[in-house]
Amino acid sequence: MTRYSYVAMLLFCLAGTLPLVRLYRLQVFQRPVRLVAAIIVTAAPFVVWDLWATHAGHWSFDRGQTLGWRVAGLPLEEYGFFVVIPLAAILAYETVRAMRARSADSGRSLEEVP
């Protein structure tokens, strides 16, 4: 069961942030090119760093906690990490923006805005 640990963590992150899109009517997925560009710009240097560090032996990934599929020496889940975590950060940021906009529009404090 620990083989699915990394995947479970990624799904947990998505489960906590994807509902925000509907709850706060976020427009993140309405601009897919912008979203993909933001994720690529964020992920690219870290993927390169991960590739270098794993090939140099600075760190490794426990095969018992990953699915076993590797691309260029990195587990597939690691590439997923560099998509899921920036997406979760973008969704959290956009949620705060939406809440602040609602607060400003209603004249209420941010604590009172659902």
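The values are calculated or read from the model by the stated rules, or taken from the named source; none is laboratory data. Treat the numbers as computed from the prediction; the structure is a model and nothing was measured. Using ideal geometry, Cβ is built from the backbone for each residue, glycine included, and neighbour counts are taken over all protein chains shown.
In table form, for the structure just shown:
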{"quantity": "Output for region 28-52, where each listed residue is over 22 Å from Gly73 (Cβ atoms) and in contact (Cβ under 8 Å) with a residue 24 or more places away in the chain", "calculated": "Val28, Leu35, Ala38"}
{"quantity": "Residue in region 90-106 that is out of contact with any strand residue (DSSP E or B) (no Cβ under 8 Å at 6 or more places or on another chain), over 27 Å from Ala8 (Cβ atoms), exposed (fewer than 11 other Cβ atoms within 10 Å of the Cβ) and of a type outside the set (A, V, I, L, M) present", "calculated": "yes"}
{"quantity": "Subset tally (residues that are surrounded by 14 or more Cβ atoms within 10 Å (Cβ to Cβ), closer than 21 Å to Ala92 by Cα and of a type in the set (Val, Ile, Thr)) for region 29-65", "calculated": "2"}
{"quantity": "Gly68 vs. criteria exposed (fewer than 15 other Cβ atoms within 10 Å of the Cβ), over 15 Å from the mean Cα position of the chain (by Cα) and touching a residue at least 24 places away in the same chain (Cβ under 8 Å)", "calculated": "yes"}
{"quantity": "Residue count for region 47-68, restricted to those that are in contact with a helix residue (DSSP H, G or I) (Cβ under 7 Å, 6 or more places away or on another chain) and either at pLDDT below 95 or β-branched (Val, Ile, Thr) (or both)", "calculated": "8"}
{"quantity": "Pairs, first more than 12 Å from Glu77 (Cα to Cα) in region 53-65, second modelled with pLDDT under 90 and hydroxyl-bearing (Ser, Thr, Tyr), C-beta under 9 Å, six or more apart", "calculated": "Gly64/Thr2"}
